[in-house]
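What follows is a short report on a single structure.
The values are calculated or read from the model by the stated rules, or taken from the named source; none is laboratory data. Here the structure is a predicted model, which is why all the values come from computation and not from measurement. FYI the Cβ positions are ideal-geometry reconstructions off the backbone, even for glycines, and counts take in every protein chain you see.
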Amino acid sequence: MKASSPLWIAALLLVGAAGAFWGAGSVPVALLCLAAVAAVVALSGVTRRVLGALLIVVGIAGAFSGHWLAIAGGVLVVASGALQVALGARMPKVGVGGQKTRAHDPETDMWRALERGDDPTDDRTPGGTTSNE
């Protein structure tokens, strides 16, 4: 199983829970579940585990309305929270920090210098080369 799989499973569980709570008439809890989807994807490490613990509490409290959809939504939120508590530290953070840095490419640097209006062959310009030909 890929490291990102539990992250997307947790997010999908929350989306399903939001639908269930919406159908049960618990709109505020449904909106909280949708906001938690963004939080699950944005957070990492310990903060994601804390969010998971909070979601377990929300899921248990939300299920007490007695409506069968609310109970189903509560089970889904608890499952998502438990997954985050158990695997939250190993789940990747999605965003700019997860991108790989590009390797330094002199040819690309020369094209960028031209786009800026610099002469890439002139040593005195910021994008200039240092070779003496």
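Between Leu76, Leu31, Leu13, which is at pLDDT 90 or above and more than 19 Å from Leu87 (Cβ to Cβ)?
Exactly one residue qualifies, and that residue is Leu31.
Under 9 Å between Cβ atoms, at least 6 apart or on separate chains: pull out the pairs that start in the range 13-28 with a residue that is farther than 12 Å from Val75 by Cβ and end on any residue that is outside any helix (DSSP H, G or I).
Correct list of pairs: Gly23/His67; Ala24/His67; Gly25/His67; Ser26/His67.
Which helices (runs of 4 or more DSSP H) sit wholly inside the range 1-73 and have at least 1 residues that are charged (D, E, K, R)?
Answer list for the range 1-73: 45-62.
Considering only the range 110-127, how many residues are modelled with pLDDT under 80 and loosely packed, with under 13 Cβ neighbours inside 10 Å?
4
Can you confirm whether Gly95 is within 19 Å of the chain's Cα centre (by Cα) and modelled with pLDDT under 75?
Criteria met by Gly95.
Residue-by-condition table, conditions (1) farther than 16 Å from Ala11 by Cβ; (2) surrounded by fewer than 17 Cβ atoms within 10 Å (Cβ to Cβ); (3) out of contact with any Cys (no Cβ under 7 Å at 6 or more places or on another chain):
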| residue | (1), (2), (3) |
| --- | --- |
| Leu32 | no, no, yes |
| Ala35 | no, yes, yes |
| Leu43 | no, no, yes |
| Arg48 | no, no, yes |
| Ala61 | yes, yes, yes |
| Trp68 | yes, yes, yes |
| Ser80 | no, no, yes |
| Leu87 | no, no, yes |
